[in-house]
Amino acid sequence: MIDPFGRNMIDPFGRTISYLRVSVTDRCDFRCTYCMAEDMTFLPKKDLLSLEELDRLCTVFIEKGVKKLRLTGGEPLVRKNIMHLVRQLSRHLQSGALEELTLTTNGSQLSRFAAELADCGVKRINVSLDTLDAGKFHQITRWGNLGKVMEGIDAAQKAGLKIKLNAVALRDFNDAEIPELMRWAHGRGMDLTVIETMPMGEIEADRTDQYLPLSLLRASLERQFTLADIPYKTGGPARYVHVAETGGRLGFITPMTHNFCESCNRVRLTCTGTLYMCLGQEDAADLRAPLRASEGNELLDAAIDEAIGRKPKGHDFIIDRRTSRPSVSRHMSVTGG
Ligand code: SAM
């Protein structure tokens, strides 16, 4: 569908697609228990799109109306030469075609890359952090080191990057710690967003044990804090409250308890060039073949239009004891959350 204003990615439900998330690698230097199995099989390197191919694909999306681009993974900062891609993409910020270039990271490599990210025009980033307790951090990430992440957060703030912390709310793991995490984040000028676990990919743990509906977390926070709903939006699905006691913002992302698909503006590209039109559905389109089939972008353009034309209305995740298989077979590291 082409709209009269020249933005040309509109799905069958009238939603304009202006946000592309790109998983630049499925590999990660952590093994978070709710995200991955410990012995993950990763894609062979030969199947990956080159950085030049990723740049070409992103550029076509920007020409088709994408205004916000987020690099994710796996861990985006472990992809070899990732800063080359960031530097290349930053030309679209300079031209004004792209409004925001950002990334989601576990923070482990930030102390190396923060200054260069800022220099490329990245203004804010999301850092995933589920606990401030070094022992629990190691337990949940299996391989992570909290000290390294803290160094990364320090370096990013020093470089002038705004940080939003993302914490997955896990029953009996970090639910009691969320107030402390929030006070810490707000004390350092960072927003905090809490996320419900989604049933994506086989993991060793039982997701029913991990799952915590955020309605329960909110009710418990309201016994200690004054939360006021605010209309603040960052282009994502989070709903925000202002916390009177800390003066900061707290976001809730509730894919399980509250479906927010009616305002979905995004699609997701994997590092092999597969486009997923919904995080919670299997519908996908291969963009690698049309990308490689010709030097011009006509085939790619047509493949993207065809894919947007079948973007699903929404997801329907289920976590309960009768449903032992994940709703979506791929792990979050394939499409990057
Ligand atoms: N490595 C980067 C990071 O840690 O932010 C980017 C990729 S990671 C897959 C993106 C986000 O997805 C992280 O905040 C992670 O906690 C979250 N995540 C992973 N698996 C999830 C699941 N099953 N349900 C909810 N969030 C999940």
Worksheet item: Where in the chain lies the longest segment free of GluC sites (Glu not before Pro) that are both loop residues by DSSP (not H, G, I, E, B) and have at most 16 other Cβ atoms within 10 Å?
Response: 100-201
Worksheet item: Full extension from residue 145 to residue 262: what is 0.36 nm times the residue separation minus their Cα-Cα distance, to one decimal in nm?
Response: 38.3 nm
Worksheet, complete the sentence: For region 1-126, the charge dipole (Cβ of Lys, Arg +1; Cβ of Asp, Glu -1; about the Cα centre) points to a positive end, and the Cα of 93, 114, 48 closest to that extreme belongs to 93
Worksheet item: What ratio of Cα Rg to 2.2 N^0.38 Å holds for the chain?
Response: 0.96
Practice prompt. Set the Förster distance to 45 Å, then compute FRET efficiency between residue 53 and residue 316 from the Cβ-Cβ distance, nearest 0.05.
Written response: 0.85
Worksheet item: What span do the alpha-carbon atoms of region 53-106 cover on each of the three principal axes, reported in whole Å from largest to smallest?
Response: 27, 18, 17
Fill in: For region 85-220, alpha-carbon Rg relative to the globular expectation (2.2 N^0.38 Å, N residues)
1.15
Worksheet item: DSSP beta bridges in region 174-321, what fraction antiparallel, as a percent rounded to 5?
Response: 80
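Among the listed pairs 136/233; 123/233; 164/233; 68/311; 80/233, give every one whose C-alpha distance is greater than 22 Å.
136/233; 80/233
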Response to the item:
Hull surface over four for the Cα convex hull of region 215-271, reported in nm², is 5.2
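Would you please classify the overall shape of region 147-282 from the alpha carbon gyration tensor, given that a ≥ b ≥ c denote the square roots of the eigenvalues, rounded means a/c under 1.5, and beyond that prolate means a/b larger than b/c while oblate covers the rest?
rounded
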Discussion item. Can you compute the FRET efficiency between residue 282 and residue 183 using 1/(1 + (r/R0)^6), with r the Cβ-Cβ distance and R0 = 41 Å? Round to the nearest 0.05.
Written reply: 0.55
Worksheet item: In whole Hz, what ³J(HN,Hα) sequence does region 272-278 give by Karplus (6.51, -1.76, 1.60; θ = phi - 60°), x for Gly and Pro?
Response: 9, x, 8, 9, 9, 8, 8
Worksheet item: For residue 13 and residue 226, FRET efficiency with R0 = 30 Å and r from the beta-carbon atoms, rounded to 0.05?
Response: 0.25
Worksheet item: In nm, to one decimal, how far is the modelled label at residue 293 from the one at residue 272, with both set 7 Å along Cα→Cβ?
Response: 1.9
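Cβ neighbours within 10 Å, averaged per peptide: list 225-235, 133-143 in order, most packed at the top.
So the order, starting with the most tightly packed, is 133-143, 225-235.
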Response to the item:
Pseudo-spin-label distance residue 171 to residue 46, built 7 Å along Cα→Cβ, given in nm, is 4.5
Worksheet item: How large is the helix-only mean residue ellipticity at 222 nm for the chain, computed as the sum of -39500 (n - 2.57) over DSSP H runs with n ≥ 4, divided by its residue count, in deg cm²/dmol to the nearest 500?
Response: -8500 deg cm²/dmol
Discussion item. 7 Å from Cα along Cα→Cβ at both residue 245 and residue 209: what's the point-to-point distance in nm?
Written reply: 3.1
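Rule-based calculations on the coordinates, nothing more; no lab input. These figures come from a predicted structure and were not determined experimentally. Here the Cβ is made from the backbone with ideal geometry for all residues, glycine too, and neighbour counts use every protein chain on show.
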